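Single-structure report; data block below.
The values are calculated or read from the model by the stated rules, or taken from the named source; none is laboratory data. A quick note: this is a predicted structure, and the numbers were derived from the prediction, not measured. All Cβ positions, glycine included, derive from the backbone under ideal geometry; neighbour counts span all protein chains shown. What goes into the accessible areas is simple: the full protein's heavy atoms, side chains included, and nothing from ligands, DNA or RNA. Shrake-Rupley method; radii C 1.70, N 1.55, O 1.52, S 1.80 Å.
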Amino acid sequence: YWYSPQDAYAMERIELLRGPNAFLYGESAMGGMTNQVTKRGLFTRDFNRAKVTGGAGGIFSGGDVKDNNLRRAELDLNRILVADKVAVRLAAVASNGTGWVDNASSKMRGLYGAISYRPFRATTVDVMVEHGETTNVRSQGLFTDQFSFTTTATLTNANGLIHVPATGQFFRAAGMVRSAGSGLTITDTSVVPKGFQVLGPNNTQQDNFNSFSIEVTQNVGKNLHLLLSGNAYQRKTNLYGNNVGLQVYR
């Protein structure tokens, strides 16, 4: 069990459990299950691995070209400290990405470590820790149609003033006549471009998390394997802005 946001930099392998395996080893998911296994110290050999990923592109969206960029670097180190007894693993990631939606972006910094100890041939102790920080500028929910019907409604309980930042104007909402619509998602890009977002670059979610896990595996012969596992997880989340669906009126 791993409670932190799972990222490929800390994954050793991903197992796809399909068909009867989904029932036997999963939670009865008819579509199958995935089992993601975090990295461990390996007793095979020492190695140093570095991976750099980059991408830049433009996506045409509602008359505008949106930049879609990715910069990501990963590091993976393995060291055998005592032959067939003690091995350590260290992995790190730094990733920055932007999307085709206005202002949307993601940033991640992660550090993962694991130590594997074999006191006896059939016994393995794995200790794994991770610290990560993510900052995501979230895009809002879908825009819905409240303008296509000929019916209207007059607001009677709207207090205060409404400010329009684009023009610097203020107006009082009470008495305003507002249109009505189907409430369906707007797909017409002449009304709302695909990449349009009004929540701005400060609509962020910041996560700071720490994970600790220990596993003791005991093999009894070829057909019996015992596992004792313990986990501790801490997460702090800061949310700024309001991620809601918006309605478009006349």
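If you scan segment 185-197, which residues turn out to be open to solvent by 60 Å² or more (accessible area, probe 1.4 Å), of a type in the set (Ser, Thr, Tyr) and not in a strand (DSSP E or B)?
In the first step, residues of segment 185-197 are kept if they are open to solvent by 60 Å² or more (accessible area, probe 1.4 Å); the result is 185, 187-188, 190-191, 194, 196.
Keeping just the survivors that are of a type in the set (Ser, Thr, Tyr) gives 185, 187, 190.
Correct list: Thr187, Ser190.
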Quick one: Ser182 ticks every box in (1) closer than 30 Å to Ala153 by Cα; (2) in contact (Cβ under 8 Å) with a residue 40 or more places away in the chain; (3) open to solvent by less than 60 Å² (accessible area, probe 1.4 Å) except a single one, so which number is it?
(2)
Conditions (1) open to solvent by 70 Å² or more (accessible area, probe 1.4 Å); (2) under 36 Å from the mean Cα position of the chain (by Cα); number of the one not met by Asp102:
(1)
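Can you say whether Thr134 is modelled with pLDDT of 90 or more, surrounded by fewer than 16 Cβ atoms within 10 Å (Cβ to Cβ) and hydroxyl-bearing (Ser, Thr, Tyr), as far as the supplied structure shows?
no
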Answer from Thr144, Thr167, Thr123 - the residue that is within 25 Å of Asn202 (Cα to Cα), touching a residue at least 60 places away in the same chain (Cβ under 8 Å) and more than 17 Å from the chain's Cα centre (by Cα):
Thr144
Could you look through segment 198-228, keep only residues that are open to solvent by 50 Å² or more (accessible area, probe 1.4 Å) and polar (S, T, N, Q), and pick out the one that is farthest from Asn103 (Cα to Cα)?
Asn223
Could you check how many residues of segment 144-173 are of a type in the set (Gly, Ala, Ser), in a loop (DSSP other than H, G, I, E, B), at pLDDT below 90 and surrounded by 12 or more Cβ atoms within 10 Å (Cβ to Cβ)?
2
